[in-house]
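Computed from the coordinates by the stated procedures, all read-outs in this text should not be read as laboratory data. The structure presented is a predicted model; accordingly, all values stated were derived computationally and were not measured. Every residue, glycine as well, gets a Cβ built from its backbone with ideal geometry; the counts of neighbours run over all protein chains shown.
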Amino acid sequence: MNSPTVITSLLVCLTLFLAGGCDKAASENIAEKTNSTFLQLAKDRFSVRYYAKTPVEQEKIDAILEAARVAPTAKNLQPFHIYVLKSAEAISKINKLSRCAYEAPVVFIVCYDKSKAWVSPFDASDNSGVMDASIVGTHMMLEASEQGLGSCWVKFFNPKEVTAAFDIPGNLTPSFLLDVGYALKGAAPSKMHFAKREVSDFTTYK
Ligand SMILES: Cc1cc2nc3c(=O)[nH]c(=O)nc-3n(C[C@H](O)[C@H](O)[C@H](O)COP(=O)(O)O)c2cc1C
């Protein structure tokens, strides 16, 4: 960046700072500077807790599952299994088991198989199942955004109840739910969405 550009940026930032908007402008600048559509997608996503009744097209469900398929996993062991709940019966069942299914038209139960996950040679009690499932879920969540769909990652459920209700075999642990659907008109990010720490607050350079 040359010096007139730096001075202009500083002046813009100072003006925005005085108007109370510097942080937002600065973070938007990072997305612009890197020309990153990914960063913009990541910033635009928020947890949706109100869904339209509109069904989700099968092609969009397929794209979400394709995003799951290509996710990295420890040693490429791919120890995950995904239940796609979309029938009226399954959706009704999951809403009885978790108040956080939010009547979404599609709910994925993302499970991992601890017998197939990578085990750390440094600690036999440590396996990659939760990490693998979480990366799979993150791919799915962001692909849902890419498809114009809302989503919410949900941990508020009893895994034993979900296992029994959907006949999930004992080798699989339901790790989390991912609610997906078209956001109800007017659905907005919660306050929590904006309460994010600054990079400097969670970073240590050595
Ligand atoms: C591991 C995990 C568990 C979560 N569990 C729930 C949940 O049970 N119910 C819910 O409404 N939201 C849940 N969320 C969503 C978070 O509350 C939300 O991501 C956070 O408040 C930030 O808001 P945002 O997603 O709109 O940016 C969960 C998110 C994560 C990553």
So, first residue within 11 Å of the ligand (Cβ to nearest atom) in the range 181-206, second residue among the hydroxyl-bearing types (Ser, Thr, Tyr) and in a loop (DSSP other than H, G, I, E, B), Cβ within less than 6 Å, six or more apart or across chains; the pairs are 187/50
Could you tell me which residue of the range 71-98 is nearest to the chain's Cα centre (by Cα), considering only residues that are assigned to a helix (DSSP H, G or I) and more than 16 Å from residue 157 (Cα to Cα)? 74
Complete set of residues in the range 177-194 that are outside any loop (DSSP other than H, G, I, E, B) and of a type in the set (Lys, Arg): 191
Checked the range 168-180 for anything away from the ligand (no atom under 16 Å from the Cβ) and surrounded by 10 or more Cβ atoms within 10 Å (Cβ to Cβ); matches are 168, 171, 172
Quick one: residue 70 ticks every box in (1) buried (at least 16 other Cβ atoms within 10 Å of the Cβ); (2) of a type in the set (A, V, I, L, M, F, W, C); (3) under 27 Å from residue 146 (Cβ atoms) bar one, so which box is it? (1)
Select from the range 99-145 the residues that are more than 12 Å from the chain's Cα centre (by Cα) and in a helix (DSSP H, G or I) and list them in ascending order. 99, 100, 101, 129, 130, 131, 132
